[in-house]
Amino acid sequence: MLEADASAIEPGVSELSTRFGRLTVPARLGWRCEPPLPGFDGLHQYLVLSCEGQEPFLWLQSVESPELAFLIAPAEAFGLRYRGGIDAEESGMPGPYVLVILPRPGGSDSIGCHRWAPLMFDPSTRSFHQRVFEPDEVEGAGIWCGLSPQRQSELRRAWAGALLDVPSRISGQ
C-alpha cells in the first residue's frame with residue numbers, strides 16, 4: 001500500500017521522510033482515502049501517527065506528499081454525535097474510527113474542528129473517507145470536552161495495530 005515518496009528498505013517495510021523525521025513504516029499501517037479529500041486530488045495513501053504525549057490527538061500523514069499532515073482527534077472528544085448511519089450502534093463501526101480534522105485558522109491560538117465533515121475510518125478495509133453531514137444530522141457544538149483517562153485508554157486499545165507510534169524524541173516534545 002505504501003508507494004509514492006516512501007522507499008522500500010525490505011519487503012513490506014518502507015522509510016518515509018516527514019515533518020516528524022524519517023519514519024520506518026510497515027505497509028500494514030497504511031490507510032487509503034477514497035475518494036481523495038477535497039482539495040487534495042491524487043493523494044490517497046496516508047498513515048495515522050500517534051505522537052507520544054499528544055493523545056488523544058493524532059496526525060493523518062500523507063505518504064504521497066510528506067510535508068502534508070492533518071491534526072485529527074476523536075469526534076467524541078468534541079462532544080459530537082452523528083445521525084444518518086455512522087454512530088457505532090447504527091453502523092457497527094466503533095466510535096473511535098470517527099475522527100475530525102482540527103484546523104488552526106491563520107494567526108489564531110484556538111483550534112476548531114470540522115464538525116460537519118468527519119473522517120470515517122474502516123479498519124476492515126484499511127480505508128477512510130470524509131463525509132459531509134447536514135447541520136440537523138450533527139449533535140454537539142464541536143467544543144473540546146476531552147476524554148476520561150479510561151476512555152482514552154479504550155480508544156488506544158481500539159486503535160492498536162492501526163497507528164504508527166512516533167517517539168517524543170522525533171515529534172519534538
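The values are calculated or read from the model by the stated rules, or taken from the named source; none is laboratory data. Worth saying up front: this structure is predicted, and the values here are computed from it rather than measured. Positions of Cβ are generated from backbone atoms using ideal geometry, with glycine treated the same way; all protein chains shown enter the neighbour counts. Surface areas here come from the heavy atoms of the whole protein model, side chains and all, with no ligands, DNA or RNA. Shrake-Rupley method; radii C 1.70, N 1.55, O 1.52, S 1.80 Å.
General remarks:
- A simple spin-label model places pseudo-atoms 7 Å from Cα toward Cβ; at S124 and E154 they are separated by 2.1 nm.
- Relative to the current alpha-carbon distance between V13 and I111, full extension at 0.36 nm per residue lengthens the span by 31.9 nm.
- Accessible-area value, I111, 1.4 Å probe, nucleic acids and ligands omitted, Å²: 90 Å²
- Average projected area [Cα convex hull, segment 114-160], square nanometres: 4.3 nm²
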